[in-house]
Amino acid sequence: MSSVTILLLGMLFTVRGTRAQSVTQPDDHITVSEGNSLELRCNFSYSGTPYLFWYVQYPSQGLQLLLKDITRDTLVEGIKGFEAEFNKSETSFHLRKPSAHLGDSAVYFCAVSDTVTETAGGAEHKPQETLEFSEI
């Protein structure tokens with residue numbers, strides 16, 4: 001039986017003059033059997049109106065936008081069967097997939113950005129957390 005391990009990173013984009021606080025991904029790593037559902041948790045503390053993102057980086061590849069929420073939709077559909085649920089009251093944006101595959105082995109990270117249309121002042125990387133898919 002195969003299982004998948006995922007590496008998870010958090011990223012907080014800060015824009016000059018904003019009050020963004022933090023992005024937290026509480027799991028260091030997860031291992032999921034192939035074909036089972038997976039959930040990657042993302043919580044944020046933010047005092048403005050955020051844009052929310054999930055990115056993925058497959059081995060030996062660059063970053064790829066998996067999905068984004070700029071409209072505050074409750075459920076956002078992404079690519080490759082992923083979706084994320086925005087929960088305003090719990091300040092969470094959890095990524096889910098109903099059926100994991102070995103090809104989902106990658107580094108994933110959640111990001112939040114301000115909606116202010118200014119030049120970005122930089123990006124703050126949060127500590128790396130591990131979520132991987134591995135073959136058993």
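The values are calculated or read from the model by the stated rules, or taken from the named source; none is laboratory data. It should be emphasised that the depicted structure is a prediction, and the values quoted were computed from it without experimental measurement. Neighbour counts run over all protein chains shown; Cβ positions are idealised from the backbone, glycine included.
Tell me which residues, restricted to segment 98-116, are farther than 21 Å from G62 by Cβ, surrounded by fewer than 20 Cβ atoms within 10 Å (Cβ to Cβ) and either within 14 Å of the chain's Cα centre (by Cα) or at pLDDT 90 or above (or both).
P98, S99
How about segment 34-58: which of its residues are outside any strand (DSSP E or B) and either at pLDDT below 90 or surrounded by 12 or more Cβ atoms within 10 Å (Cβ to Cβ) (or both)?
If the condition is that a residue be outside any strand (DSSP E or B) and either at pLDDT below 90 or surrounded by 12 or more Cβ atoms within 10 Å (Cβ to Cβ) (or both), then E34, G35, N36, R41, C42, S47, G48, T49, Y58 are the ones that fit.
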